Amino acid sequence: KKSVREVRRTFRTQYGPAFRFHLPDIAIMECASCKKRFLTKAQKRQLVPAYNARIRTHLGLLAPSEWTRARKILGLSRTSLEKTLGLKPADSSRIELDRAIPSLTEDLLVRMVLRGPHISTCILQVLADRDREKKLARKRT
């Protein structure tokens, strides 16, 4: 019979091919006989915020709270923001809840929104124009 115990170790991981990093003092499960290590679902849920924060810091991305603030400045729901920016369903929610990392382009758009209302208005107008152009292109075909 195998016994499993919780141990605290440095968690080694990477984001993409180039960014490797360590998260110190993470609770990991370990098999006493074979020494195989793994994470439970609860441990993974606890690890995600530290993992995401490290990636955001490395890439210079905004915090999830800044995403929420930008969406509120635009006066959009999460679903509307996803449609406006062309995100997959629930991406905005996952970013705001610190369960996903935005792309650099998405981060740049949010930073522009936070710079001022005139930029927000401009972004919304450009995106509305894009949607109109798409509709017109569909009608022509």
Residues with amide H under 5 Å of residue 61's amide H, sequence separation 5 or more or different chain, H placed in the peptide plane at 1.01 Å from N; which?
-> none
Per principal axis, largest first, the Cα atoms of the chain extend in Å by 67, 36, 28
Would you grab the residues whose amide H sits under 5 Å from the one on residue 40? Only those 5+ places off in sequence or on another chain, please, with H modelled 1.01 Å from N.
-> 29
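Hey, what did the stretch 3-99 get for relative contact order, percent, Cα under 8 Å, at least 6 apart?
Computed value for the stretch 3-99: 19 percent relative contact order.
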Distance in nm between label sites at residue 88 and residue 112, each 7 Å beyond Cα in the beta-carbon direction?
-> 2.4 nm
Averaged per residue, the 1.4 Å probe accessible area of the chain, protein heavy atoms only, in Å², is roughly 68 Å²
Can you pull out the trypsin sites (Lys or Arg not before Pro) in the stretch 91-141 that DSSP calls coil and that have at most 15 other Cβ atoms within 10 Å?
-> 99
Any chance you could count the Lys pairs in the stretch 1-87 whose alpha carbons are under 25 Å apart, treating pairs 8 or more apart or on different chains as valid?
-> 10
Helix-only mean residue ellipticity at 222 nm for the chain, each DSSP H run of n ≥ 4 adding -39500 (n - 2.57), per residue, nearest 500 | -18000 deg cm²/dmol
Would you kindly derive the ³J(HN,Hα) couplings of the stretch 25-33 from the backbone phi angles with the Karplus curve 6.51 cos²θ - 1.76 cosθ + 1.60 (θ = phi - 60°), listing them in order in whole Hz, with x for Gly and Pro?
-> 6, 9, 6, 10, 7, 9, 6, 5, 8
Whose amide H sits under 5 Å from the amide H of residue 26, counting only residues 5 or more places off or on another chain, with H placed in the peptide plane?
-> 9, 10, 11
Hey, what do the phi angles of the stretch 87-103 turn into as Karplus ³J(HN,Hα) couplings, whole Hz, using 6.51/-1.76/1.60 and θ = phi - 60°, x for Gly and Pro?
-> 7, 6, x, 6, 4, 4, 4, 5, 5, 5, 8, 6, 10, 8, 9, x, 6
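To the nearest 0.05, how large is the calculated FRET efficiency for residue 27 and residue 68 if R₀ is 30 Å and r is the Cβ-Cβ distance?
Numbers: r = 29 Å, r/R0 = 0.96.
In this case the efficiency is close to 0.55.
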Do any trypsin sites (Lys or Arg not before Pro) in the stretch 1-82 lie in a DSSP loop with no more than 14 other beta carbon atoms within 10 Å, and if so, which?
-> 1, 2, 35, 36
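The values are calculated or read from the model by the stated rules, or taken from the named source; none is laboratory data. Computed from a prediction, not measured in an experiment: that's the story for all the values here. Using ideal geometry, Cβ is built from the backbone for each residue, glycine included, and neighbour counts are taken over all protein chains shown. Surface areas here come from the heavy atoms of the whole protein model, side chains and all, with no ligands, DNA or RNA. Shrake-Rupley method; radii C 1.70, N 1.55, O 1.52, S 1.80 Å.
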